[in-house]
1. Set the Förster distance to 30 Å, then compute FRET efficiency between D:L29 and C:Y126 from the Cβ-Cβ distance, nearest 0.05.
2. Just the accessible area per residue of chain B, please: how many Å² with a 1.4 Å probe?
3. For the pair D and A, how large is the buried accessible area, both sides, in square angstrom to the nearest 100, if the probe is 1.4 Å?
4. Would you calculate a helix-derived [θ] at 222 nm for chain B, using -39,500 (n - 2.57) for each DSSP H run of n ≥ 4 and dividing by the full residue count, to the nearest 500?
5. Short version: ³J(HN,Hα) in whole Hz for each residue of region C:104-120, in order, from phi by Karplus 6.51 cos²θ - 1.76 cosθ + 1.60 (θ = phi - 60°), x for Gly and Pro, what are they?
6. How far is A:S134 from the same spot in each other copy, in nm, shortest first, if each label point sits 7 Å from Cα toward Cβ?
7. Find how much the distance from A:W166 to A:L111 grows on full extension, using 0.36 nm per residue of separation minus their present alpha carbon separation; answer in nm with one decimal.
8. Summarise the partner chain shielding of A:148-161 as one whole number: the mean count of Cβ atoms from other chains within 10 Å of each residue's Cβ.
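The values are calculated or read from the model by the stated rules, or taken from the named source; none is laboratory data. Please read these numbers as outputs of a predicted model, since none were measured by experiment. Glycine also receives a Cβ, built like all others from the backbone with ideal geometry; neighbour counts cover every protein chain displayed. These accessible areas exclude ligands, DNA and RNA; they are computed on the full protein's heavy atoms, side chains included. Shrake-Rupley method; radii C 1.70, N 1.55, O 1.52, S 1.80 Å.
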Protein chains: 4
Amino acid sequence: MEAFSDAVFAIAITLLVLDIAVHPPGTPLEQVLHAWPAYVAYVVSFLTIGAAWLAHDGLTDRLGRSDAIFLRLNLLLLLVVAFLPFPTRLVADALQQHTDAERVAVTFYGLTLLAIRLLGSGLAEYARREHLYSPPKEGEEPPGAQQKLLSVVVGYVLAIIIGLLWPTVAVAVYFAIAVYLVVPFREVARLLFRRS
Amino acid sequence: MEAFSDAVFAIAITLLVLDIAVHPPGTPLEQVLHAWPAYVAYVVSFLTIGAAWLAHDGLTDRLGRSDAIFLRLNLLLLLVVAFLPFPTRLVADALQQHTDAERVAVTFYGLTLLAIRLLGSGLAEYARREHLYSPPKEGEEPPGAQQKLLSVVVGYVLAIIIGLLWPTVAVAVYFAIAVYLVVPFREVARLLFRRS
Amino acid sequence: MEAFSDAVFAIAITLLVLDIAVHPPGTPLEQVLHAWPAYVAYVVSFLTIGAAWLAHDGLTDRLGRSDAIFLRLNLLLLLVVAFLPFPTRLVADALQQHTDAERVAVTFYGLTLLAIRLLGSGLAEYARREHLYSPPKEGEEPPGAQQKLLSVVVGYVLAIIIGLLWPTVAVAVYFAIAVYLVVPFREVARLLFRRS
Amino acid sequence: MEAFSDAVFAIAITLLVLDIAVHPPGTPLEQVLHAWPAYVAYVVSFLTIGAAWLAHDGLTDRLGRSDAIFLRLNLLLLLVVAFLPFPTRLVADALQQHTDAERVAVTFYGLTLLAIRLLGSGLAEYARREHLYSPPKEGEEPPGAQQKLLSVVVGYVLAIIIGLLWPTVAVAVYFAIAVYLVVPFREVARLLFRRS
């Protein structure tokens with residue numbers, strides 16, 4: 001199960017690059033620069049899938065056993081993760097070509113990001129309730145409540161609403177949330193203070 | 001063998017997203033909504049490959065050894081699984097563009113789904129006859145007859161016939177079969193009754 | 001090394017499906033049927049990569065250690081395996097559209113198939129000469145000479161020459177070689193005689 | 001972590017083939033020959049990712065443990081590795097169609113190659129500073145300074161500057177660097193002298 005899930009995360013994250021494209025008109029340099037929404041969408045989706053994978057990896061590491069329902073919930077999560085390249089492509093195309101498709105694409109994108117987060121949390125919650133985790137080892141923290149969950153869900157919902165009016169702002173918020181999900185602030189702080 | 005098979009299942013399931021596309025005409029929202037056949041085809045193929053992978057994973061877990069013929073039968077199964085994105089694309093395009101290609105595409109799709117199921121069952125049957133399974137552990141059920149096989153094959157054959165007249169109905173049946181294959185009814189029932 | 005190689009084989013074999021496409025003109029059924037060269041090319045390439053993977057898997061299983069040069073030779077093999085989807089696409093397109101590109105495409109394809117076989121054999125030969133294999137276990141055959149190698153190389157060279165005149169015949173020969181590489185005749189014979 | 005990283009490297013290296021395409025005008029043979037920039041770009045990118053993977057594989061093999069920051073730095077490296085197929089496609093298209101996009105594409109490509117190298121080295125440096133390596137075994141060399149790093153970085157920077165004037169020359173330099181990164185000169189020399 002872990003190898004299969006890892007592979008789906010890895011493939012989905014790598015397929016994102018296929019949706020980056022430059023479009024006329026403009027000089028070659030302008031075309032490459034005007035493709036910035038495609039780069040931003042690539043980075044946001046990459047970091048979001050990366051964060052989902054980090055959480056999933058932490059989850060499966062602590063897992064003592066799995067059951068039939070867990071495997072299927074996991075499949076559902078993978079279904080949405082593997083789907084993300086499609087709304088990513090919609091966002092990249094819409095922002096790049098300044099069409100009026102921006103609002104639709106960004107909203108669709110935000111809903112997919114939210115679904116990934118909720119399904120990932122649901123999976124962890126199911127594992128906790130059904131006691132699928134192996135007992136924490138000496139010195140290890142037990143799998144606690146998911147601290148970042150509430151703030152992230154609120155962030156996504158706000159960004160989806162904002163995106164109905166200002167799609168570009170919503171993409172910036174999605175970027176911020178992805179960074180927030182990936183960066184381990186405590187560890188970075190520890191590292192910085194130790195150094196100084 | 002298991003790592004390679006897992007990877008092929010994972011890649012085939014993730015490549016499905018590349019075949020989703022929106023097409024003019026219409027407003028952006030209409031285009032995204034009119035692409036529903038692509039979403040349905042994505043979900044049906046994803047769940048069908050997912051179910052085939054779950055069965056394959058259960059099979060390889062119980063496998064004590066493999067032989068040369070088993071490896072080749074497995075390769076044949078992978079050949080058809082890795083092929084599925086193509087008829088999936090045909091179905092998505094045909095239903096989306098209301099062309100008269102619907103019947104051909106849906107029939108082709110159904111035959112591929114049926115082939116995946118038959119080859120998967122054939123592989124399990126070969127393993128059983130050649131005694132490739134390791135002896136079941138204490139408390140484990142021996143690899144029994146494949147309970148869902150007959151009903152699923154009958155379902156596919158009926159759907160293929162139905163699809164010659166009403167392609168959309170056949171797709172609905174394929175969706176129902178995929179859900180039936182993936183959902184572990186006994187476990188869900190157990191969970192629900194325990195809760196109430 | 002093994003996981004990485006397995007993944008490249010698995011991805012190359014699965015990407016082949018992306019190159020299958022139907023083309024106008026014709027009724028939907030005619031289009032699907034006229035795409036037969038794409039199906040044939042898919043099957044030939046799938047079986048050829050499958051055979052290369054089976055040989056590679058057998059090789060890495062017996063490997064006791066690897067060295068820096070082995071890793072690089074392996075990378076070279078993967079470079080050509082991962083390249084195969086491109087000539088496969090050329091062949092499928094050329095045969096399907098009856099263009100005069102057939103001869104060029106089929107020759108290019110044959111050279112790639114030959115390169116895969118030679119590099120795979122070279123890798124096994126290097127491992128044998130450098131004593132990278134672990135000692136064979138009780139009852140195991142030592143890694144012998146590669147029995148099918150000479151006949152296969154001769155077959156490829158003949159097919160490449162034939163393909164300069166009759167491209168379709170060459171494709172049939174590539175198909176026959178792929179089947180010959182994959183089918184374990186001795187085991188099948190043993191199975192059949194035991195049954196009867 | 002290792003399985004996921006291996007998979008991303010493997011997928012990125014295999015997706016490169018999708019960007020190879022022939023373009024009119026010309027006879028079929030001319031088209032296949034005129035696509036040489038696509039083949040060169042494929043080989044350079046393949047070898048560069050291959051070299052990055054070899055370094056990464058060596059790194060993770062010696063790793064005793066990892067920490068949260070290491071995982072994120074690794075994700076950043078994968079983000080750029082998985083991005084490489086895009087500038088590769090730009091280079092292949094620009095050189096093949098003799099457009100004035102050559103300089104932009106080659107510069108973009110060079111910057112991506114440089115980023116992969118710097119991030120890979122940064123990752124190894126972080127592991128060294130944070131003592132993530134397991135103690136070297138008897139007879140094993142400790143993870144030393146990265147000998148090829150300085151020369152490679154200087155080579156990339158020079159090639160990027162050269163590419164502003166002569167893009168094709170820069171691509172030749174990237175090819176040379178990739179070969180330099182992949183070929184294990186000491187081992188090859190040892191092999192040759194032993195033989196003679």
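1. Numbers: r = 34 Å, r/R0 = 1.14.
After rounding, the FRET efficiency stands at 0.30.
2. Numbers: 8750 Å² over 196 residues.
On a per-residue basis, 45 Å².
3. Details: alone 11380 and 11380 Å², together 20130 Å².
Counting both chains, the buried surface is close to 2600 Å².
4. So the helix-based figure for chain B works out to -25000 deg cm²/dmol.
5. In residue order, the calculated couplings are 4, 5, 5, 5, 4, 4, x, 5, 5, 4, 4, 4, 4, 5, 5, 5, x Hz.
6. 1.6, 1.7, 2.3
7. Numbers: separation 55, 0.36 × 55 = 19.80 nm, distance 1.57 nm.
The A:W166-A:L111 span can extend by a further 18.2 nm.
8. Details: counts 0, 0, 0, 0, 0, 0, 0, 0, 0, 0, 0, 0, 0, 0.
Taking the mean over all residues of the peptide, I get 0.
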